[in-house]
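Worksheet for the structure shown next.
The values are calculated or read from the model by the stated rules, or taken from the named source; none is laboratory data. Treat the numbers as computed from the prediction; the structure is a model and nothing was measured. Positions of Cβ are backbone-derived with ideal geometry, glycine not excepted, and every protein chain shown enters the neighbour counts.
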Amino acid sequence: MKWDLFMEAFPVVMEGLKLTVILTIACYVFALLVGFIWVYLKRIPIKSLRWVITWIMEFIRSTPPLVQLFFLYYGLPVMPVIGVSLSAFTCAVLGLGLHFSTYIGEVYRSGIESVDEGQWEASTALNFSTKDKWFKIVLPQAIPPTIPMLGNYFIILFKEVPLASTIGVLEILAKANSFGSQHFRYIEALTIAALIFLVLSYPSSLFINYLERKMNRRFEKKAT
């Protein structure tokens, strides 16, 4: 390890931190929104349509996100019918966001199914509109238990964002690789990138564990 090169690489790698954080938040917000769409589509009372939606979600989950990024960035522009060229940042948001939305959709589904059947029946008996049933009865009970799992996916997504460097998004890993190629030494810059991810993700994981314990205690009290 050359410490003088380490100190020289530090500000260069840190330049990619802002874009990494912005990209992570953009991907996560997109995943949260599309996750609700998956849940809605899977609750449509048409068996064949539900089967198609389930198959699409399984296909997205079973395909590596790197392949999906390559398809969006390199594949779409050359497709004869579509022929759409998107920026690297947009492709990263769509690719990673869509990939994680399938997992988040399942988290939403588990939370919704955890709501007691009597709550659904009571809201129907009280003549609640569909909107009021979801936003006043179901979601306030379904979302809180899923917060720890949603937080875990946020951390996982943060650590998957470096995949965007393969299509030209200049986040932390791309900056580290660029510095390494210029100086023909990668260990210093990559070490800095690893430390940045560790410093940001480890405290976040501790906070998520704290939330999970807090939620478990809350539901144990309700059970008793």
State whether the residues of the range 138-153 include one that is touching a Leu at 6+ places or on another chain (Cβ under 7 Å) and either at pLDDT below 80 or of a type in the set (Ser, Thr, Tyr) (or both).
no
Have a look at Leu139, Leu150, Leu163 and point out the one that is of a type outside the set (Lys, Arg) and in contact with a Pro (Cβ under 7 Å, 6 or more places away or on another chain).
Leu163
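Can you tell me which residues in the range 135-178 are among the charged types (D, E, K, R) and in a helix (DSSP H, G or I)?
Lys136, Lys159, Glu160, Lys175
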It is to be established whether one or more residues within the range 6-25 are among the β-branched types (Val, Ile, Thr) and exposed (fewer than 13 other Cβ atoms within 10 Å of the Cβ).
no
Of everything in the range 160-179, what is among the small types (Gly, Ala, Ser) and either closer than 10 Å to Leu23 by Cβ or surrounded by 20 or more Cβ atoms within 10 Å (Cβ to Cβ) (or both)? Give them in sequence order.
Ala164, Ser165, Ala174, Ala176
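Matching residues to (1) surrounded by 12 or more Cβ atoms within 10 Å (Cβ to Cβ); (2) in a helix (DSSP H, G or I):
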position	(1), (2)
Ala31	yes, yes
Pro45	no, no
Leu49	yes, yes
Phe59	no, yes
Leu66	yes, yes
Pro77	yes, yes
Gly95	yes, yes
Leu98	yes, yes
